[in-house]
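Readers should treat all values here as calculations from the given coordinates under stated rules, not as data from a laboratory. Please read all numbers here as calculations on a predicted model, not as lab measurements. Neighbour counts are summed over all protein chains in view; Cβ atoms, including those assigned to glycine, are modelled from backbone coordinates with ideal geometry.
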Amino acid sequence: MKMPLAMLPEGGEAVITSVVAGRGLARRLYEMGFVRGERVKVLRAGPGPVLVLVKGSRVALGWGVAMKIIVDGGEAP
Amino acid sequence: MIRVALIGNPNVGKSLIFNNLTGGRAHVGNWPGKTVEKKVGKCVHKGVEMEIIDLPGVYSLTARSVDELIARDFIVEEKPDVVVDIADASNLERNLYLTVQLIELEANVVVALNKSDLAMDMGYEIDADELSRLLGVPVVPTVATTKQGMEELKDAIVKAARERKKSPLKIDYGRRAEALIERLEELIRKDPMLSQRYPTRWLAVRLLEGDEDVLRKVRGSAVWPEVAEVIR
């Protein structure tokens, strides 16, 4: 099921399918490892900042930014 | 005296390597006009004097933050003899992004593969020779905390400064982008003010990316109208 990263529950894992952002933010996110096909895990869910594990690093994203990253969480729980 | 710049992502052990190389004695100041610390130290290895400049810890070399701009400007404008890129071996993929950007900038790169012990504990086996072959630059495994690999790193720096080879690594951006890059490079070569100061391919790629800082540099050039036509 596709959804924004911000909607993933705490402890949830998913694969990034797209980043819906302007050039500047998209680039910044790619550089931090948020690229298509990459596996991410939510360590702390929102509301508010979301703590995400990506490419072996923990990254805190603003809620709004996490809404721009679309992931596929597999089967709905 | 050879000038050596240290660069790397945040938290890779850059400060520790700086201290290992300089014996902890550093001249601390600010980058001109910026509230960012600048550390400069000295190191003598086998009779060769080195000035070690610590650049800010950055993930990339886009000109988005002050840190990134300082690091990039130093490498582009000051052209240090050697740039030591300190990479975290336990999280290599993320770190190689900066490495590739440095190679695109045509810096004289030596990679220090730090935290090699941690990488081994995590079960990673990194073939430094093969990595060196793929990147076209020397790669030295190090463990900054126990000073392992420091002599080898210094040897590699001195050797790189003498040889000053350019890495043959070229990222292929695909047929469409490459055609535009080629046209931009032709235009850039027409303006010696640009082509003598910056690597032409690097400038072309950054122009296509819409890098604000690079656009500002090229806007003053006589070739700008033609460049603007290509990147429109």
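Calculate the spin-label point distance for B:K42 paired with B:E186, positioning each point 7 Å from the Cα along the beta-carbon direction, and give it in nanometres.
5.1 nm
Looking only at B:Y173, B:Y97, B:Y59, which one moves most when chain B is put into a Gaussian network model with springs between Cα atoms under 10 Å?
Among B:Y173, B:Y97, B:Y59, the largest GNM mean-square fluctuation belongs to B:Y173.
When a/c is below 1.5 the answer is rounded, else prolate if a/b is larger than b/c, else oblate, so apply that to the stretch B:132-232 with a ≥ b ≥ c taken from the square roots of the Cα gyration tensor eigenvalues.
Prolate, because a/c is 1.5 or more and a/b exceeds b/c.
Going by a ≥ b ≥ c, the root eigenvalues of the Cα gyration tensor, does the protein assembly as shown fall in the rounded group (a/c under 1.5), the prolate group (a/b larger than b/c) or the oblate group?
Oblate, since a/c reaches 1.5 and b/c is not below a/b.
Rounded to the nearest 500, what is the protein assembly as shown's calculated 222 nm mean residue ellipticity when only DSSP H runs of at least 4 contribute -39500 (n - 2.57) each, over all residues?
Mean residue ellipticity at 222 nm (helix-derived): -10500 deg cm²/dmol.
Gain in length, A:E38 to A:L51, computed as 0.36 nm per residue apart minus the alpha-carbon separation, to one decimal in nm?
Working it through step by step, the gained length comes to 3.1 nm.
What percent antiparallel are the DSSP beta bridges of the protein assembly as shown, to the nearest 5?
Around 65 percent of the beta bridges assigned by DSSP in the protein assembly as shown are antiparallel ones.
Please check: in the Gaussian network model of chain B (C-alpha springs, under 10 Å), which one of B:D155, B:D85, B:D121 has the largest mean-square fluctuation.
B:D121
Exceeding 28 Å between C-alpha atoms, which entries from my cross-link table qualify? They are B:K115/B:K154; A:K2/B:K115; B:K14/B:K165; B:K115/B:K159; B:K34/B:K165; A:K41/B:K154.
Checking Cα-Cα distances, A:K2/B:K115; B:K34/B:K165; A:K41/B:K154 exceed 28 Å.
Answer rounded, prolate or oblate for chain B, using the Cα gyration tensor with square roots of eigenvalues a ≥ b ≥ c: rounded when a/c is under 1.5, else prolate when a/b is larger than b/c, else oblate.
Taking the square roots of the gyration eigenvalues as a ≥ b ≥ c, chain B is prolate.
With a cap of 11 neighbouring Cβ atoms within 10 Å, and only residues DSSP puts in a loop, list the GluC sites (Glu not before Pro) found in the stretch B:125-198.
Taking the stretch B:125-198 and a limit of 11 other Cβ atoms within 10 Å, the loop GluC sites (Glu not before Pro) found are B:E125.
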